[in-house]
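Encoded as structure tokens, the structure appears first; notes follow it.
The values are calculated or read from the model by the stated rules, or taken from the named source; none is laboratory data. Values in this document were obtained by computation on a predicted structure and should not be read as measured data. So basically every Cβ, Gly included, is an ideal-geometry build from the backbone, and we count neighbours across all protein chains shown. Surface accessibility is based on the protein's heavy atoms, side chains included, excluding ligands, DNA and RNA. Shrake-Rupley method; radii C 1.70, N 1.55, O 1.52, S 1.80 Å.
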Amino acid sequence: MFPYPSGEGLHVGHIKAYIATDVYARHKKMNGFNVLHPMGWDSFGLPAENYAIKNKINPKVSTAKNVATFKKQLSNIGFNYDWSREINTTDPEYYKWTQWIFLQLFKKGLAYESYEPIIWCPSCKTGLALEDLEDGKCERCGSDIEKRPMRQWVLAITKYADRLLEDLSLLDWPASIKESQKNWIGRSEGSEIDFKVKKLDLTIKVFTTRVDTIFGATYLVVAPEHPIFAAGNLIFSNAEEINKYIIASKKISDIDRTAEGKDKTGVELLGVKAINPFNNEEIPIFVADYVLGHYGTGAVMAVPAHDTRDWEFAKKYNLPIRESVKGGDISVEAFTEDGILVDSGDFTGLVSSEARKKMTEWLKKNKVGRKTVNYKLQDWVFSRQRYWGEPIPLIHCDKCGVVPVPEKDLPVKLPEVKSYEPTGTGESPLAGIPNWVNVKCPKCGGKGKRETNTMPQWAGSSWYYLRYIDPKNKKMFVDPKKEKYWMGKNGVDMYVGGTEHATRHLVYVRFWHKVLFDLKLVSTKEPFYRLANQGLVMGEDKRKMSKRWGNVVNPDNVVADFGADTLRVYEMFMGPFEQAISWSTSGMMGSRRFLEKVWRLMESIDPKLKNKELESLLHKTIKKVGEDIENFRFNTAISTMMIFANEVERLGTVSKSQYLEFLKLLAPFAPHITEEIWHELGHKKSVHVEKWSKYNKSKVKEKSFILVVQVNGKVRDQFEAPCGLKENEVLDLTLKRENVTNYINGNSVKRVIWVPDKLINIVI
RNA sequence: GCCGAAGUGGUGGAAUGGUAUACACGCAUGACUUAAAAUCAUGUCCCGUAAGGGAUGAGGGUUCGAGUCCCUCCUUCGGCACCA
């Protein structure tokens with residue numbers, strides 16, 4: 001994943017992922033692959049802009065400065081990036097295509113204008129998507145958020161909810177990321193039921209996953225946002241009280257409103273009743289803020305006997321609690337599990353799962369309900385009232401409505417402004433530039449106004465992996481009209497980044513990719529079939545690295561003091577790649593010592609030596625290091641190399657060819673020192689263009705092994721034996737050993753388990 | 001509450017169902033040195049002089065054999081959450 005060039009610079013945790021891809025890319029290259037290992041800058045959006053505002057610099061200037069800092073830091077570490085393919089999402093030649101993709105979404109009807117109240121950050125002064133919240137606060141600045149009705153652009157990601165969920169099964173991704181996405185999408189199967197409202201010519205639809213409990217429904221609840229209130233509340237005899245309740249509930253923030261255990265409040269809609277379609281029973285209707293307007297239908301049937309929230313509400317307002325599923329004691333608490341239906345008309349006696357099927361069928365047959373699916377995922381609020389983003393390429397015309405900017409006129413460049421601070425008015429700073437805003441309508445030539453909202457920070461990263469093509473083409477981007485596909489058959493082979501993107505970038509990018517797939521612009525269903533997450537590198541004090549704790553380790557200092565190779569080897573060796581681990585300076589010294597040892601062992605080379613003793617170990621090492629890199633198990637790859645180096649040291653001599661083979665294994669991890677030694681030993685070409693060593697299966701095989709003898713599963717003896725023995729031969733050898741016969745002690749041998757070339761277990 | 005991941009020495013961790021604690025850090029002792037650093041050597045889970053016994057969060061189970069598979073529970077981390 002390309003970094004966000006923040007003003008803080010990189011710390012040793014950020015570069016862990018880059019070291020891993022570098023090792024992986026170098027290894028693949030040595031194995032003959034044509035590797036594209038790119039770097040770029042995802043630099044539009046709030047963090048860059050907030051930094052710019054705080055430091056009173058134009059975001060364009062500060063971004064360029066931050067990019068330069070990042071690039072310098074990275075260049076210290078010896079990455080094999082192809083800098084000729086460096087990209088920057090703020091480059092007009094880049095965001096031209098971000099805008100182009102937006103227009104495809106628009107033309108497909110997947111981008112629409114909405115006036116619904118959305119999340120508003122009063123500090124960042126912009127609308128936000130649900131994904132931009134963390135613990136109910138603005139993820140960027142930590143401010144409490146508000147709800148604010150305003151005009152906005154929204155992307156219909158919910159149309160792709162099912163595919164985003166289903167296709168997770170195609171992905172070789174960490175379980176936790178898949179799990180997060182699954183929870184975020186929040187698919188829930190159930191039934192929609194129509195309740196006719198008596199005296200009014202309207203129907204309230206409710207969503208439930210527990211249609212089997214409907215005979216226990218004793219009232220209905222609608223959210224304060226429910227459309228039933230849209231036409232005014234004069235139909236209710238207590239209209240004033242209802243109005244008061246609705247207004248009050250809008251003032252409460254979403255977090256307070258949805259906090260579990262919060263006292264439930266509500267008001268009955270007097271003068272109307274809802275009719276349960278199953279038994280024609282008339283039940284009261286309440287408005288209560290424990291029902292959310294944006295989920296399901298914004299209305300629920302309340303079954304206090306079998307739902308905890310309804311139970312609490314019913315207790316408080318003295319509403320009847322009627323059992324319809326056997327199994328609990330509803331006088332004490334709601335019974336929410338499945339069971340056998342009671343007092344449920346024709347459905348009495350069925351088990352819940354069966355009842356749900358039959359009752360949903362009944363709803364359909366009688367045209368009073370249907371099977372439905374609901375999602376927690378909401379459409380993506382895509383406009384920001386900020387300066388530092390891609391202008392949304394649309395023009396508003398009084399006559400023609402919303403008109404897309406013609407493709408030939410892209411990019412719509414972000415204009416230079418004097419004041420780039422957010423206005424807070426619900427308009428972006430771009431609205432204050434009349435000669436940018438006022439344009440001709442591309443359709444009718446009449447007066448038009450540019451859309452002044454910009455795209456969110458996630459736009460540019462939603463397709464950056466597509467800005468590469470076969471190098472033979474020599475072009476930096478492909479015109480989608482001329483080229484069928486933007487990418488090869490397999491897409492990105494390896495994608496590495498942090499877990500914080502689980503429900504943001506990694507959802508958005510899959511959504512855009514699927515849209516492009518439907519447009520036949522990409523050939524794969526998914527952008528990244530393989531993903532790895534680097535674990536956090538924490539400070540030496542086991543706290544998260546932060547200025548606040550003064551525990552940030554800057555790679556520049558580590559490189560200056562201990563060398564880039566030490567840093568690289570240590571970060572790969574410190575533990576499993578995906579695990580969070582604390583930095584340890586003394587631990588890092590161990591990696592430094594290992595590299596010094598490798599250097600020293602040059603002196604142990606005996607050019608005349610044909611070192612048979614090491615041959616088997618070397619080939620095992622070649623095998624293990626290659627497999628470990630492929631599987632992102634860098635820590636064990638390094639420990640395997642350490643074992644080899646220790647053995648060379650123990651023996652005191654090594655043949656030149658063996659030493660060189662070993663150097664190649666180390667080269668992806670420690671590119672500088674291996675190159676130095678490689679040349680020292682007389683090579684003109686680089687070690688990094690060498691072919692990766694091939695291990696020899698026959699050489700991996702040992703001639704003898706340490707046979708472990710167990711008696712009844714306990715280790716009682718071990719001795720060296722030649723490989724390839726048969727079970728009876730081994731047993732003969734074993735039964736001659738005094739240690740073994742002592743334990744057998746005259747008992748008859750009941751069973752013998754023989755694991756070839758490893759272990760024998762004698763059961764007595 | 002639901003879902004997921006994980007619990008192994010003083011520390012980071014290793015272990016296709018087959019010798020638990022590889023590798024590294026730290027520590028101790030020794031060698032080298034006037035001394036220190038660096039380097040090298042030896043040792044370092046617990047009990048026991050030893051033979052041996054016991055330890056992979058706790059308790060059960062499957063198996064000739066379990067850190068690994070199954071069940072129950074505890075703890076930590078992550079996601080979702082008045083989501084009907």
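Overview of results
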| item | result |
| --- | --- |
| Considering only chain A, percent of DSSP beta bridges that pair antiparallel, nearest 5 | 80 |
| log10 of Debye I(q)/I(0), alpha-carbon scatterers only, for region A:538-586 at 0.21 Å⁻¹ | -0.78 |
| FRET efficiency, 1/(1 + (r/R0)^6) with R0 35 Å, evaluated for A:GLU630 and A:VAL708 via beta carbons | 0.70 |
| Built amide H within the under 5 Å cut-off of A:LYS273, gap 5+ | A:LYS198 |
| Pairwise Cα inverse-distance average, inverted: Kirkwood Rh of region A:160-247 (Å) | 16.8 |
| Partners for A:LYS54 among aspartates and glutamates (Cα-Cα distance below 14 Å; same-chain residues under 8 apart left out) | A:GLU8, A:GLU421 |
| Relative frequency of Cα-Cα separations exceeding 16 Å in region A:674-764, percent | 62 |
| log10 of Debye I(q)/I(0), alpha-carbon scatterers only, for region A:336-432 at 0.19, 0.22, 0.25 Å⁻¹ | -1.08, -1.21, -1.27 |
| Stretch gain in nm, segment A:ASN80-A:PHE517, where the contour uses 0.36 nm per residue and the Cα spacing is subtracted | 154.2 nm |
| Region A:237-352: radius of gyration and largest Cα-Cα distance (Dmax), Å | 15.6, 46 |
| Along each principal axis, Cα extent of region A:76-225, largest first, Å | 73, 38, 36 |
| Ratio Rg/Rh, restricted to region A:1-151 and using Cα atoms, in which Rh is the Kirkwood radius | 1.04 |
| Label-point separation, A:GLU93 to A:TYR115 (7 Å along Cα→Cβ), nm | 4.3 |
| Percent of Cα-Cα distances greater than 18 Å, calculated over region A:25-71 | 47 |
| Added length on full extension, which subtracts the Cα-Cα distance from 0.36 nm per residue, A:ARG163 to A:LYS137 | 6.5 nm |
| A:GLU282 accessible area, 1.4 Å probe, all protein chains in place, Å² to nearest 10 | 90 |
| Relative contact order for chain A, counting Cα pairs under 8 Å that sit 6 or more residues apart, in percent | 13 |
| Listed residues A:HIS505, A:HIS688 arranged by accessible area, highest first, probe 1.4 Å | A:HIS688, A:HIS505 |
| Mean projected area in nm² (Cα convex hull; one quarter of hull surface) for chain A | 45.8 |
| Among beta bridges that DSSP assigns inside region A:605-764, antiparallel share in %, nearest 5 | 70 |
| Chain A, helix-only ellipticity at 222 nm - DSSP H runs n ≥ 4, -39,500 (n - 2.57), divided by all residues, nearest 500 | -10000 deg cm²/dmol |
| FRET efficiency estimate (nearest 0.05) - Cβ-Cβ, A:LYS251 to A:LYS65, R0 45 angstrom | 0.55 |
| Inter-probe distance in nm under a simple model that places probes 7 Å from Cα toward Cβ, at A:GLU189 and A:ASN557 | 5.7 |
| Qualifying chymotrypsin sites (Phe, Trp or Tyr not before Pro) in region A:66-159, DSSP loop, other Cβ atoms within 10 Å at most 14 | A:TYR115 |
| Rg [Å, one decimal], Dmax [Å, integer] - region A:86-172, C-alpha atoms | 16.0, 40 |
| Separation of the A:ASN280 and A:LYS699 label points, Cα + 7 Å toward Cβ, nm | 8.9 |
| FRET efficiency, 1/(1 + (r/R0)^6) with R0 45 Å, evaluated for A:TRP599 and A:LEU731 via beta carbons | 0.35 |
| Spin-label zone in region A:535-577 - amide nitrogen under 19 Å from a point set 7 Å from the Cα of A:HIS683 along the C-beta vector | A:565-566, A:569 |
| Heavy atoms of A:THR585 accessible to a 1.4 Å probe, total area in Å² rounded to 10 | 50 |
| Accessible heavy-atom area order of A:ARG548, A:ARG370, A:ARG510, A:ARG543, highest first, probe of 1.4 Å | A:ARG548, A:ARG543, A:ARG370, A:ARG510 |
| Segment A:GLU354-A:GLU649, length gained on full extension (0.36 nm per residue, minus Cα span) | 99.1 nm |
| Exposure of A:ARG187 as accessible area (Å², to 10), given a probe of 1.4 Å and all protein chains | 90 |
| Over region A:531-614 - Rg/Rh using Cα atoms and the Kirkwood inverse-distance radius | 1.14 |
